[in-house]
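The structure appears below as structure tokens.
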Amino acid sequence: MDTVEVLISSVLEDIRQKGYSRIQPFVVGNVEERMRLFAQVNDISLGGDELYMSAKQLQHCLRASKGIKGLAVDDADLINFPKSRFQMNLYYDGECFIYTDGHSKFIIHPNYKMKISRGLVTQVNFITATRVKDPAEFTLPKYRKI
């Protein structure tokens with residue numbers, strides 16, 4: 001496992017064992033070129049050049065309500081997301097970017113305000129992940145394929 005995969009695994013383990021994680025938000029990679037170009041052409045402000053993940057947002061993925069509804073994403077999908085996103089379809093819904101492989105979707109906010117080292121910053125941030133109930137969802141008019 002590389003460093004990012006270890007960080008994601010550590011956060012997931014902390015949340016399951018303690019209910020929270022003290023690991024600070026971390027960079028999982030650069031903003032992908034197709035996202036950057038789409039944002040530039042469509043006058044969408046990106047909060048930075050790097051994609052962040054945080055314990056708070058990963059905890060959101062593990063909510064009990066997602067499990068009950070069958071919408072929970074496997075740990076392996078979360079751990080592999082920083083690398084697998086390059087092979088996924090990318091959409092924009094008017095507010096967020098959505099990576100999907102047809103089975104899961106990963107929501108990315110282009111300019112999310114978050115605390116890093118006691119300061120408030122705006123970053124491109126992973127928000128949550130969920131199972132796709134109906135792949136036809138991405139044919140709705142609100143989704144623009146990138």
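The values are calculated or read from the model by the stated rules, or taken from the named source; none is laboratory data. As the structure is a computational prediction, the values presented were derived from the model and not from experiment. Neighbour counts run over all protein chains shown; Cβ positions are idealised from the backbone, glycine included.
What the table below lists for this structure:
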| item | result |
| --- | --- |
| Every pair of residues 6+ apart whose Cβ atoms lie under 6 Å, when the first sits in region 43-60 and is farther than 12 Å from ILE8 by Cα while the second is modelled with pLDDT of 95 or more and assigned to a helix (DSSP H, G or I) | LEU46/ALA39 |
| Residue that is nearest to ASP77 (Cα to Cα), among those in region 1-42 that are in contact (Cβ under 8 Å) with a residue 24 or more places away in the chain and charged (D, E, K, R) | GLU5 |
| Complete set of residues in region 15-44 that are at pLDDT 95 or above, over 14 Å from the mean Cα position of the chain (by Cα) and in a helix (DSSP H, G or I) | GLU33, ARG34, ARG36, LEU37, PHE38, ALA39, GLN40, VAL41 |
| Selection within region 69-96 - surrounded by 15 or more Cβ atoms within 10 Å (Cβ to Cβ), over 24 Å from ALA39 (Cα atoms), without any contact (Cβ under 8 Å) to a residue 60 or more places away in the chain and aliphatic (A, V, I, L, M) | ALA72, VAL73 |
| Residues satisfying the stated conditions in region 63-106, i.e. within 20 Å of LEU7 (Cα to Cα), in a loop (DSSP other than H, G, I, E, B) and under 13 Å from the mean Cα position of the chain (by Cα) | VAL73 |
| Members of region 107-146 found to be small (Gly, Ala, Ser) and more than 18 Å from the chain's Cα centre (by Cα), listed by number | SER117, GLY119, ALA136 |
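Residues are listed down the side, and each one gets a yes or a no for (1) charged (D, E, K, R); (2) surrounded by 15 or more Cβ atoms within 10 Å (Cβ to Cβ); (3) closer than 24 Å to SER21 by Cα; (4) touching a Pro at 6+ places or on another chain (Cβ under 8 Å):
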residue: THR130; (1), (2), (3), (4): no, yes, yes, no
residue: ASP134; (1), (2), (3), (4): yes, no, no, no
residue: PHE138; (1), (2), (3), (4): no, yes, no, no
residue: PRO141; (1), (2), (3), (4): no, no, no, no
